[in-house]
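These notes concern the structure reproduced below.
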């Protein structure tokens, strides 16, 4: 038997291929006779399509494959939740990036010229571009009231608290859109014809989402659609639902052309047309006692979903459930809505609604603390949730939660109290102002509510006669380390060498549906299935007497060879079963929202320069409890990467909109943090094994997106005494804020 | 209709081999490497010289190959990610990227590795600020850069031990 593999920084499975440039991403692949596909998009934010003209006589239009809504063989919608988004606009367009015509040609320069020569004439209809206009129903652009989805969470009796409260504190908070900015743009290649059906290779997080969408688009049986994930250059949620769109487009062109078709977006198209983080506003009204205990919270949370429903309902759900944070408050009311605007649909992005509502709460609680004369620290300490307490949805916390201890450790690591004093003493006399701030928060792992029960995810394990083991799962490696941790978990459960385990390329023809690679579920939920399947495989060999209780890797190899000789294939499968006691009521939105939460305290130290209005983050400490850490280097890498995205979200990344279209859709003018901008990010884990996670692990991927923005704005408040309640906070908006404050 | 531009021959050395490229004079070096030589380790991230995913070394200088017309590399010596390892022996920077977790999704990695190799050629023992500045032209959305900085430091240590 080997020493424990869990907790050890084994080499990343595909590391060597990645550092030598040998990994194959979608754009590195090509087929004989392959055509290049492009998308012609709506020139107007909302209206009726009157006419499509193919202009410019120098273009040999008869050589092109041209696809419009009329060519769709099955259902013209991207199958997801409400199925309201068409693959190609037929009669109406609802945003400026909506696809209307597809073109393909063997010459990729000519096809680009042709794209610019298609003229789509639109009879305009009034459009809605802001969340406020949508909420106020300036124009009804979706359904009867512009509302995709609303939730209502009720705990205790909020109506009765206002009369009893010593203080009532109100606040309003806003967050902007955020561009995904994975460095590999969206791309696919499709082969499609009547005989073989449809096969798509691409950059994606969720092969079975694409599979489901293509079945409907082509009206084909299950086995006639095949989806294969190539090495994927970053996802973050941006390749959760969008690949279904681009895969469908390439497949429609390939179907009509009878040739393989490749569509690779360039950066400008990817930034403008694909999904971003939902903009939001949150209104808080909070009742507190004189001694700083939360009595009641009323929260109104709204997100801008863009033109179609897509995943907004689920993003809203997670944002709603996280809106009351890791605090014990007896009376809570959360009302939330996802509303429509004439912008490209906003979508999944690391955190999935929680970064928005947590930003609001963690800014707001500083205001509440001030109102009752407590420090932000002391106020939170008096209200932290503990084991046995109930969350806003009535979920009883069944694990040991020690936010106090996390806070102690984070403050010790940052020298928080000494810095508070020092900055207060030094700021008056120094030109640049320094500040320190923090946020405390949690993030639920896995699908919300009954989501995991509906998914019924399956993982398989297959051993060869040589004793090599392959993990069969649709969960994708998108940089976060799926291949490596699955191999560790399987090898640990089987008691064999890490090198003997590999993870199959996700291909719907070869792997079972282990669900989408989203929601911080890959390690905790799917990893647990890997562990169960591995234990099943081991049990099979033990049960047949081919292995003794104690065995070496060599014994394992021999046992596999024997089994396969006698019985044929050696394969085991494991299917998700909810841990005992998990109950969720979808109607009342009450119950166990998540199997487990990760808990965290993040501390940011900043310097504000009143001459340039720039804020720099000087130091960042992230302390979290995520259950057992499977791989310390990969886990720290997840936190560091998420914190960097969070710093961008807070201080650098601003989507500039015009008529519902992103107009700064270039890396030149949409700025993400570089190596020169990022402070030291110091990551610390408290490990408390979670009973139902693989080797005790919980989810980790999204957590680090939640804390940085509120921690940074709390630090800015500490530095200059100005309470700013919106992000992104670029120097330009700092200038405006300071001028308004001094006016 | 204007007369079509003709392709030209461009002679250069790529990863130690003498090559003759056939391309339109203003074709991007990035495309010629990827399409004509099938050296697909060089990636396109933005196409406008911001992200550094397409970084290669031309006569020892780190350049964004999406901004270099192929005509400009006549007679030049080019190194791409495929030329960094010595056969099976990885470069110290590559080894360090694996052990420190400097590569996550891997799409920026070829450019980032070349930037790090180039930095260590110019500054064998860079301090923290030099590492940050040396890599500031290469964007990474996954790592938050910490593990990449660690990898550069570890590669220096390895180089030091070998020297």
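A short reminder: the numbers here are calculations on the coordinates, not readings from a lab. Predicted, not measured: the structure shown is a model, and the values here were computed from it. Please note: Cβ atoms are built from the backbone with ideal geometry, for glycine as well, and neighbour counts cover all protein chains shown.
Here the calculated FRET efficiency for residue B:74 and residue A:53, from their Cβ-Cβ distance with R0 = 41 Å, stands at 0.40, rounded to the nearest 0.05.
Scoring A:96-102, A:478-484 by mean Cβ neighbours within 10 Å over their residues and listing the highest first yields A:478-484, A:96-102. Take residue B:157, project a point 7 Å from its Cα along the Cβ direction, then tell me which residues of the range A:614-638 have their backbone nitrogen under 16 Å from it. Only A:633 pass the distance filter. Full extension of the segment from residue A:370 to residue A:398, taken as 0.36 nm per residue of separation minus the current Cα-Cα distance, would add 6.9 nm. Multiplying the residue separation of residue A:106 and residue A:687 by 0.36 nm and removing their Cα-Cα distance gives an extension gain of 203.7 nm. Ordering of A:338-349, A:599-610, A:561-572 by packing is A:338-349, A:599-610, A:561-572, highest average first (other Cβ atoms within 10 Å, averaged per residue).
For residue A:293 and residue A:81, the difference between the fully extended length at 0.36 nm per residue and the C-alpha to C-alpha distance is 72.3 nm.
Between residue A:465 and residue B:123, the distance separating the two model label sites (each 7 Å from Cα on the Cα→Cβ line) works out to 5.8 nm.
Each residue, residue A:195 and residue A:268, gets one label point 7 Å from its Cα in the Cβ direction; the gap between the two is 4.1 nm. Here A:738, A:34, A:204 are placed in order of increasing Cβ neighbour count within 10 Å, fewest first, which gives A:738, A:34, A:204. Among beta bridges identified by DSSP and lying wholly in chain A, the antiparallel ones come to about 75 percent. Other protein chain C-beta atoms within 10 Å of residue C-beta, averaged over B:145-152: 5. Take each residue of peptide A:21-33, count the partner chain Cβ atoms within 10 Å of its Cβ, and average: the result is 4. Backbone N atoms of the range A:24-43 closer than 16 Å to the 7 Å Cα→Cβ label point of residue A:71 belong to residues A:34-41. Across peptide B:35-48, the average count of Cβ atoms from other chains found within 10 Å of a residue's Cβ is 5. Given R0 = 56 Å, the distance between the Cβ atoms of residue A:415 and residue B:5 translates into a calculated FRET efficiency of 0.30.
In plain terms, the residue of A:23, A:167 with the fewest other Cβ atoms within 10 Å comes first and the most crowded comes last, giving A:167, A:23. Between residue A:539 and residue A:558, the distance separating the two model label sites (each 7 Å from Cα on the Cα→Cβ line) works out to 2.6 nm.
In chain B, helical runs assigned H by DSSP with n ≥ 4 each contribute -39500 (n - 2.57); averaged across all residues and rounded to the nearest 500, the mean residue ellipticity at 222 nm is -9000 deg cm²/dmol.
Here r is the Cβ-Cβ distance between residue A:33 and residue A:113 and R0 is 25 Å; the resulting FRET efficiency, rounded to 0.05, is 0.75. By its C-alpha gyration tensor, with a ≥ b ≥ c as the square roots of the eigenvalues, how is chain A shaped: rounded for a/c under 1.5, else prolate for a/b larger than b/c, else oblate? Note, shape of chain A comes out oblate.
Between the Cα long axis of helix B:146-162 and the first principal axis of chain B there is an angle of about 80°, rounded to the nearest 10. Mean separation of Cα pairs under 8 Å and 6 or more residues apart, divided by the residue count, gives chain A a relative contact order of 16 percent. With a/c under 1.5 counting as rounded, go ahead and sort the range B:45-108 into rounded, prolate or oblate using the C-alpha gyration tensor (a ≥ b ≥ c being the square roots of the eigenvalues; past the cut-off, prolate if a/b is larger than b/c, else oblate). Oblate, since a/c reaches 1.5 and b/c is not below a/b.
Please state the shape class of the range A:440-485: rounded when a/c is under 1.5, otherwise prolate if a/b exceeds b/c and oblate if not, all from the C-alpha gyration tensor. Note, shape of the range A:440-485 comes out oblate. Among B:77, A:20, the ranking by other beta carbons within 10 Å of each residue's beta carbon, starting with the fewest, stands as B:77, A:20.
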